[in-house]
Amino acid sequence: MTYQQQTRRGFMAVTGAAAAMAALPGEVLGKTRRIAPSDRVNVAVIGAGGMGASNMAKLTSQNIVALADVDFEHVAESFVGDAGQSPERIALKAAYDKAAKFSDYRRMLDRQKDIDAVVIATPDHHHAFAAKAAMERGLHVYVQKPLAYSVREGRLLLDLARKDPKLVTQMGNQGHSGDDGRRVVEMIRGGAIGRVREVHVWTNRPVWPQGEARPEAVEAPASLNWDVWRGPANVDWGYHPDYAHFNWRGWVPFGVGALGDMGAHLIDFPFWALEPGLPTRIETRHSRWGGDTNPWDGKGPDELTSYPLASVTHYQFGNAKGGPLHMTWYDGGLMPPTPAGLPAGTRMDPGGGVLFVGDQGMLMHETYGSNPTLIGEGVAARAAAIPQSLPRIAGGMGGHEMNWIRAIRGEEKISSPFDYAVPLNETMVLGIVALKAEQPIDYDGGAGRITNAPDANRFLDREYRKGWEL
């Protein structure tokens, strides 16, 4: 059974604690405008500093009509930094100056009537809320990773995308458009290292506060709309610079930790090349949770503050296309052992990478699928004989945003649509579910529920602040 069949059956079959997984969004409210290849797309950006500014810089050939951000003083730093007067910086600043500006993206979506497409580059806890609001208005969406905070959120977005096939959806895992990553997939699928039963994936993240107690609240900067930044998060911790602007990812109400940050770039390639389907068993081992007040009562922690500093997650895929597969995820600087036969002068990148272990050799690559290394006798010769089978994206990783634009205009296929990105994201966040459950979980992907620990099904969803419910 395909993932698509599984999710459709799951929406109809689940009951009880998992019934929230079946909740369907409302009918599409807006109408998607047809855009010709000769037209420019009217783009809005939600979360205009940091990654949003980076995305916008790739889209200045289009009409940047509106920006929404909770702190435009902070955003301005992205446009007047140390990059000098490069053509890209000049074009970015011109687009920024011209665009309408809103402190609340809900108002922007209600009032700015000329938007065709929306880039969402907010903290993790806003992704699904903002994407759903845009899609219900008939707007194409480019959503930064992780696509959604929870399993339920991802499935809601996938269902909404299927309700309006004209919508073009893209997750911001730019390695999916890279030449190296696509070659990795071709070599694995082509049998360069034989049958793969084992994969190791690692990252040096976190590079933000994690494994720490919650700090005391301080006064928020006058330029920051803290109420909107808090958004759907159902906690009232108050502001602290350890949350905003950059450091939110390690705090449980706001982010999905290292797995949410880098899983989309690293798990992407084994998930793509091996087509394992959803995991059937997941277990996470980890260092201590942040803070001293996270009780364990046999049902799970009551209030979680920051994620553990390091963790190892074991995924079993019992329904993988090529047979059972075991994948291990390492974060916090933990890494698998150095493989035997690594070419002289080659080292495992401590920043992150993937190691495929086949029965006829190994393949290792860095983050985003970069710099694939073949390990074992005869592997290079077999790899060289494997033809190119995947299309290449103009600009490679740097062309991920414009691939979205060209797909909106009907010029080419989208690289990482929600049909692919949602099950990838679900695999990632199931590692967080196992982390919160503090025990191995057996997962039925068709029904979208945990079968061996019913209380853990609550971690497939989350509680929302009043007024910000999905």
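Modelled label positions at residue 179 and residue 54, each set 7 Å beyond Cα in the direction of Cβ, lie 2.1 nm from each other. Every pair of different Cα atoms in region 25-173 enters the Kirkwood calculation, which places the hydrodynamic radius at 15.5 Å. Protein heavy-atom accessible surface, 1.4 Å probe, per residue over region 216-338: 39 Å². For region 328-390, the Stokes-Einstein estimate of translational diffusion at 4 °C and a viscosity of 1.567 mPa s comes to 101 µm²/s, using the Kirkwood hydrodynamic radius over alpha-carbon pairs. Relative to one another, the C-alpha centroids of region 308-328 and region 374-421 are positioned 24 Å apart. Applying the Karplus relation 6.51 cos²θ - 1.76 cosθ + 1.60 with θ = phi - 60° to region 170-185 yields 3J(HN,Hα) values of 8, 8, x, 9, 4, x, 5, 9, x, 5, 4, x, 5, 5, 4, 4 Hz, where x marks Gly and Pro.
Once the Kirkwood radius over Cα pairs is known for the chain, the Stokes-Einstein relation at 37 °C and 0.692 mPa s delivers a diffusion coefficient of 144 µm²/s. The H on the amide N of residue 358, modeled in the peptide plane, is under 5 Å from the matching H of 363, each at least 5 residues off or on a different chain. Between the residues 271, 105, 439, the greatest Cα displacement towards the positive end of the dipole of the chain, with unit charges on the Cβ of Lys, Arg, Asp and Glu, is found for 271.
Averaged over residues, the count of other Cβ atoms within 10 Å places the peptides 149-162, 214-227 in the sequence 149-162, 214-227, highest first. Ordering 356, 459 by accessible surface, largest first, gives 459, 356; the 1.4 Å probe counts only protein heavy atoms, with every chain in place. For the set 38, 177, the ranking by accessible area, highest first and with no ligand, DNA or RNA atoms included, is 38, 177 under a 1.4 Å probe.
Remark on residue 212: its backbone amide H falls under 5 Å from those of 290, 291, 306, a criterion applied only to residues 5 or more positions apart or on other chains, H modelled at 1.01 Å from N. Projected label points at residue 227 and residue 86, each 7 Å from Cα along the beta carbon direction, are separated by 3.9 nanometres. Note on region 185-236: semi-axes of the ellipsoid equivalent to its C-alpha gyration tensor, largest first and rounded to whole Å, are 45, 15, 11. With a 1.4 Å probe rolled over the protein heavy atoms of all chains, the accessible area of 73, 186, 469, 438 falls in the order 73, 469, 438, 186, largest first.
The phi-based Karplus calculation (6.51 cos²θ - 1.76 cosθ + 1.60; θ = phi - 60°) puts the 3J(HN,Hα) values of region 144-160 at 4, 7, x, 4, 8, 6, 9, 4, 4, 4, x, 5, 4, 5, 5, 5, 5 Hz, whole numbers, x for Gly and Pro. Accessible surface of the chain, 1.4 Å probe: 50 percent of it comes from carbon and sulfur atoms. Amide hydrogen proximity for residue 118: with H placed 1.01 Å from N in the peptide plane, the residues at 5 or more positions away or on another chain lying under 5 Å are 44, 140, 141, 142. Relative protection proxy for 367-375, 238-246, from highest mean packing down: 367-375, 238-246 (other beta-carbon atoms within 10 angstrom). What the Cα atoms of region 382-459 give is an Rg and a Dmax of 18.7, 50 Å.
Dipole of the chain (Lys/Arg Cβ +1, Asp/Glu Cβ -1, origin at the Cα centre): which of 160, 258, 121 lies farthest to the positive side? Projecting each Cα onto the dipole axis, the largest value belongs to 160.
Helical content alone sets the calculated 222 nm signal of the chain at -8000 deg cm²/dmol, taking -39,500 (n - 2.57) per DSSP H segment of four or more residues and averaging over every residue. Placing pseudo-labels 7 Å out from each Cα toward the beta carbon at residue 439 and residue 162 gives an inter-label distance of 3.2 nm. Pairs to check: 132/166; 93/145; 58/413; 58/101; 163/321. Give those whose C-alpha atoms are more than 22 Å from each other in this structure. Pairs exceeding 22 Å: 93/145; 163/321.
Protection proxy ranking, highest mean first, for peptides 127-134, 334-341, 284-291: 127-134, 284-291, 334-341, where packing is the per-residue count of other beta-carbon atoms within 10 Å, averaged.
The values are calculated or read from the model by the stated rules, or taken from the named source; none is laboratory data. Since the model is a prediction, treat every value here as computed from it, not as a measurement. Backbone-built Cβ (ideal geometry, glycine too); neighbour counts: all protein chains shown. When the accessible area is computed, the model is the full protein with side chains, heavy atoms only, and any ligands, DNA or RNA have been set aside. Shrake-Rupley method; radii C 1.70, N 1.55, O 1.52, S 1.80 Å.
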